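Please read the structure below before turning to the comments.
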Amino acid sequence: MKLTAFLFFLYGIAFSQGIPVNVELHSGLKQQAEFLGMAGDTVRLGGTIQGKFTEVHLLLSAFKEIRDEQGNILPLDSLAAAGNENQTTDTAAADTLNPETVPENSGLETAALEDSAAVKLQENPLPPTLPAKEKATPVKSHFFIDSDPDGAIITKRDSDPICKTPCAFTTFDSSRVTFDIYWKVGNHLWAAHTNLLPIPGDTAKATLKLKRVEPAVEFITFPEGAEIFPPETITKKSKPIGKTPFVYRTLDIGFSEFRLWIPGYRDTLVQLYVTPDEKNIFKTELTALTNSEEIEKQNALIKTRKHYALGLTLMGSSIAPAVAGGILSIAAHQKYDKAKTLKKDLERPASVQGKNYQAKVKENKKRADEGDRYLYSGIACFGIAVLLLGAGISFTF
């Protein structure tokens, strides 16, 4: 009921003068005008342009909000709905309530108002509409870059490789451009960089002597202690490159990707451009986890990684007892061989009561007992190795 009364009130005053309102379009334009009503999804505003009261129609979708002088937001959606129910009446009213038409070349076309918000309803006369400026055609320039030694890769900084020296190529850049030139052989890197200013319609040239470089990336994170991984998704088998703060030495110039991970924070995939400079500093602030599902998922990954690391440790620990078991087994066989030799000597005819015979009997028994001890100890070591290996395998799966 209140809405219907409000509509009749608007239409009743639209023949003379509308409601003073403050208009704000989605384009950012803010302007004072007079609200004359609505025709379907079209908002009717009025104002004085070049000394004449002019009515302008704009689509509802162009408006962010319309407020009256008291700061109340007008219910445009409700007004539009009511207008659609009475479309025939609204259309007729719109024709009647448009006593003035927009003068020719006044710049008040609806599309212009919606797109550029260039025309405002105001009391002062509007300046004449200026023709749109034609875009200037970009001027083509050229670069020629050579290096000593030649065959080096040319890369526009923060971009992909272009070609190898000597190389000539075209550009539409108008400002100074930085190029990285590098030559990699095995584990050695020679590089240089230069800044060239394009010469419109001409060629800017540079010849560079490459020098030996050892570029590095210094990772700094907030908080510290983030592990640095390759860009692949982190799993229980992923091995970190280092932990921040960390200096990572590389021979790869250009774009590289890394993944930063620390418990309690979202793992972050970062892309950076490595220059031939001695040190590239990369700083970033990690985002703390707040979603319970993400926290639970990360805790599960932490547990899995700990189990996998423990499994690898146990499997590695099984090597020592296995080696010890092997050594003890070899020693046991050596003792048994010595005991066998002594036994053969004792089988020869001799006086059982002789001192030499009795000494050999004792020596034979001693060697046999030592062989037993070494053998049993070796078997125990092999058993420990098997237990450690089995436990390690169970933790890694």
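The values are calculated or read from the model by the stated rules, or taken from the named source; none is laboratory data. All values derive from a computational prediction rather than experimental measurement. Note that each Cβ is placed from the backbone with ideal geometry, even for glycine, and that neighbours are counted across all protein chains shown.
Might you let me know whether the stretch 154-169 holds any residue that is of a type in the set (Gly, Ala, Ser), over 32 Å from the mean Cα position of the chain (by Cα) and modelled with pLDDT under 85? No, the stretch 154-169 has no match at all.
Pick from Thr233, Thr290, Thr207: which is within 17 Å of the chain's Cα centre (by Cα) and either modelled with pLDDT of 90 or more or in a loop (DSSP other than H, G, I, E, B) (or both)?
Values: Thr290 fails: within 17 Å of the chain's Cα centre (by Cα); Thr207 fails: within 17 Å of the chain's Cα centre (by Cα).
Thr233 is the lone residue from the list that is within 17 Å of the chain's Cα centre (by Cα) and either modelled with pLDDT of 90 or more or in a loop (DSSP other than H, G, I, E, B) (or both).
Candidates Ala339, Ala368, Ala350, Ala359: the one that is assigned to a helix (DSSP H, G or I), touching a Phe, Trp or Tyr at 6+ places or on another chain (Cβ under 9 Å) and either at pLDDT below 90 or not hydroxyl-bearing (Ser, Thr, Tyr) (or both) is Ala368. For the condition closer than 21 Å to Tyr248 by Cβ and either without any contact (Cβ under 8 Å) to a residue 40 or more places away in the chain or loosely packed, with under 13 Cβ neighbours inside 10 Å (or both), Gly201 does not qualify. Of all residue pairs spaced 6 or more apart or on separate chains, those with beta-carbon atoms under 9 Å, a first member in the stretch 221-237 that is closer than 18 Å to Ala300 by Cβ and a second member that is exposed (fewer than 12 other Cβ atoms within 10 Å of the Cβ) are Phe229/Lys239.
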